[in-house]
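Since the structure comes first, as structure tokens, the remarks are kept for the end.
What follows is calculated from the coordinates using simple rules that are stated; it is not laboratory data. Because the structure is predicted, anything quoted here is derived from the model rather than measured. Here Cβ is always computed from backbone atoms with ideal geometry, including for glycine, and neighbour counts include all displayed protein chains.
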Amino acid sequence: MFKDLQPPRRVVITGFGCVTPIGIGREAFWDGLREGRSGVRTISSFDVNDSAVKIAAEIPEFDWKAQLDPKDYKNVSRIVPLALAAAREAVADSGIDMTELSTEQKQGFGVVLGTGGGGLEFTERQYTYWLTGRERQASIYTIPSSTHGGLSSELSMVFGLNGLSHIVSTGCTSSTDAIAYAAQHIALGKQDRMLAGGVDAPIAPGILEAFNVMTVLTRAWNDEPERASRPFSKDRSGIVLGEGSWIYLLETLETAEERGARIYAEVAGYGATCDAYHRVRLEENAVEPARAMALAMADAGIEPEQVGYVNLHGTSTQLNDRIETRAVKKAFGDHANALRMSATKSQVGHPQGASGAAGIGAALLALHDGTIAPTINLDSPDEECDLDYTPNESANGFDIDVALCNCIGFGSKNSALVLRKV
């Protein structure tokens with residue numbers, strides 16, 4: 001199984017595409033981050049009059065049907081057009097012409113995406129048709145399109161890629177894990193290029209109510225949606241669901257340099273742990289999320305003092321934000337007080353399994369133009385959340401060589417990814 005392993009190859013990001021609640025496309029997303037724009041709004045895709053939670057970070061301006069044959073739209077979950085749009089932008093951004101790839105190159109080109117809910121929204125839609133006497137509207141592809149694995153297959157088919165086609169679903173850490181998984185395959189010579197990232201679209205009536213039953217969604221800001229996601233603020237009251245897709249093109253440093261590609265960053269290190277504690281809660285001691293960050297830094301061969309920016313998971317729940325702050329202090333020691341950090345979820349809500357990929361998009365902004373995106377709505381910091389989260393306005397003019405993206409998921413999973421300038 002391991003007889004053909006080569007010395008690890010360096011893996012870099014050369015393409016980036018996204019569809020987000022604060023902008024469609026990479027530059028629009030970055031502009032939204034710089035401006036401190038909120039993508040949270042009153043839900044418009046279904047009736048929320050009788051719901052206790054009426055807000056989410058939707059993308060109403062996205063043309064869902066433009067990404068595929070109109071007759072196929074009824075046969076796939078919303079995650080498919082989201083992923084296709086982001087992947088197409090990532091490919092175009094990389095400068096790779098898919099029509100010129102040889103058979104061998106297509107066999108060495110794979111897809112690994114992270115998603116939390118996958119086709120759950122699609123499944124709910126089909127059951128609604130059947131339960132309300134609208135069977136003719138239901139799709140014959142309910143089973144394959146409801147499974148998570150169908151997502152990567154859709155991208156593989158559209159781009160004609162014959163490499164591995166996998167899905168990682170580890171809750172909120174899904175896309176961080178997926179990007180690491182993709183990078184490891186390239187580093188070990190098992191694949192040459194990968195489309196990797198995350199996508200989720202959990203905004204549907206049943207999903208909203210299921211999250212609400214867990215009492216993790218904020219109900220306090222229905223009348224002021226843009227103020228609802230408030231990581232690290234004393235008056236934070238819960239998650240705001242979000243949707244979106246952030247996808248990257250990964251390849252070896254050697255092939256990127258050979259073709260003169262623009263290189264965003266190197267995927268330099270990865271660490272993952274589990275509290276092994278509870279289905280949804282983190283353990284108060286913050287040992288395992290801290291250890292995931294420490295493992296990622298060790299894997300990258302760096303010291304904590306070399307990290308210039310950390311993108312935080314920052315869910316806007318009382319428990320998560322307090323424990324994540326504690327974990328950063330454990331992982332970085334005295335350097336924690338000098339770190340610039342921010343929580344992308346304050347702007348795009350919580351896109352579930354796409355969270356890590358969204359955070360990596362913000363980290364690339366920090367690495368490329370020295371801009372730290374803000375944590376908006378941070379008006380009254382919690383006394384136990386006492387680090388520099390870049391409150392309310394972006395900060396500019398930094399020379400950052402190394403960034404870390406931190407993720408924490410249901411089932412007390414933790415993962416961190418280190419990016420480095422090349």
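Descriptive notes on the structure:
- Span from the the range 356-398 Cα centroid across to the the range 291-341 one, whole angstrom: 13
- By the Kirkwood approach, averaging reciprocal distances over each pair of separate Cα atoms, the chain gets a hydrodynamic radius of 21.2 Å.
- Cα-projected label distance for Asn75 with Met214, points at 7 Å along beta-carbon direction, nm: 3.3
- Signed unit charges on C-beta, dipole axis of the chain, positive-most listed residue Phe16, Gly150, Met297: Gly150
- Look at where the Cα atoms of the range 203-226 and of the range 137-165 average out, and the two centres are 29 Å apart.
- Tensor-based shape of the range 97-214 (alpha-carbon gyration tensor, a/c under 1.5 rounded, otherwise prolate or oblate): oblate
- Put simply, the amide H of Ala261, placed in the peptide plane, has no neighbours under 5 Å, leaving out anything fewer than 5 places away on its chain.
- Pairwise Cα distances in the range 269-420 exceed 18 Å for 51 percent of all pairs.
- Exposure proxy ranking, count of Cβ atoms within 10 Å, fewest first, for Phe398, Phe232: Phe398, Phe232
- A full extension of the chain between Glu224 and Glu305 corresponds to an added length of 25.3 nm, given 0.36 nm per residue minus the alpha carbon distance.
- Once each of the GluC sites (Glu not before Pro) sitting in a DSSP loop with at most 10 other beta-carbon atoms within 10 Å is removed, the chain keeps 62-382 as its longest stretch.
- Unit charges at the beta carbon, dipole of the chain: most positive-side option, Gly119, Ile263, Thr173: Gly119
- Lysine-lysine proximity count for the chain, Cα under 18 Å, sequence distance 8 or more or distinct chains: 6
- Residue among Ile43, Ile239, Ile408 with the largest mean-square fluctuation in a Gaussian network model of the chain, springs linking Cα atoms under 10 Å: Ile43
- Whole-number percent relative contact order across the chain, with pairs defined as alpha carbons under 8 Å at least 6 apart: 23
- In a DSSP loop and with at most 13 other Cβ atoms within 10 Å, the trypsin sites (Lys or Arg not before Pro) in the range 186-260 are Arg259.
- Summed over qualifying helices (DSSP H, 4 residues or more, each -39500 (n - 2.57)) and divided by its residue number, the chain shows a 222 nm mean residue ellipticity of -9500 deg cm²/dmol.
- Residues considered: Tyr181, Tyr270, Tyr129. Largest GNM mean-square fluctuation over the chain, using C-alpha springs under 10 Å, is found at Tyr129.
- Put in order of Cβ neighbour count within 10 Å, fewest first, the listed residues Trp246, Trp221 become Trp221, Trp246.
- Ordering Met98, Met341 by the number of other Cβ atoms within 10 Å of each residue's own Cβ, fewest first, gives Met98, Met341.
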